[in-house]
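Structure first, then comments.
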Amino acid sequence: MRLQGRAAIITGGARGIARGIAEAHVNEGARAVIADFLFDEAKQLLWI
């Protein structure tokens, strides 16, 4: 948990590389905000 207590804003995070980055941040303990025009796809990431 190297990122415990930190926050990240990830643009375009609904899919692709940015989604992988969002998942990695959360897996390392960070809180993530996903900003994307693809609302329906971004909404699926509410496990964060």
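Readers should treat all values here as calculations from the given coordinates under stated rules, not as data from a laboratory. For clarity, every value in this text was computed on a predicted model and none was experimentally measured. Cβ coordinates were reconstructed from backbone atoms using ideal geometry, including for glycine residues, and neighbour counts include every protein chain displayed.
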Sum up the charges of everything whose Cβ sits under 14 Å from the Cβ of T11, counting Lys and Arg as +1 and Asp and Glu as -1, but leave T11 out. 0
Taking amide H positions as placed in the peptide plane 1.01 Å from N, state which residues far from D36 in sequence (5 or more) or on other chains have amide H under 5 Å from it. G12
Taking neighbour Cβ counts within 10 Å as the exposure measure, how do V33, V26 sort from fewest upward? V33, V26
Is the shape of the chain best called rounded, prolate or oblate, per the rule: a/c under 1.5 gives rounded, else a/b larger than b/c gives prolate, else oblate, with a ≥ b ≥ c the square roots of the Cα gyration tensor eigenvalues? prolate
On a 0 to 90° scale, report how tilted helix 16-27 is relative to the longest principal axis of the chain, with both axes built from alpha carbons and the result rounded to the nearest 10. 30 degrees
HN-Hα couplings for the range 34-42 via Karplus (6.51, -1.76, 1.60; θ = phi - 60°), in whole Hz with x for Gly/Pro, come out as 9, 10, 7, 6, 7, 4, 4, 6, 5
Under the 0.36 nm per residue contour assumption, what length would be gained going from the current alpha-carbon distance of R15 and K43 to full extension? 9.0 nm
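Treating only the Cβ atoms of Lys and Arg (+1) and Asp and Glu (-1) as charged, compute the dipole magnitude of the chain about its Cα centre; round to the nearest 20 debye.
It comes to approximately 160 debye.
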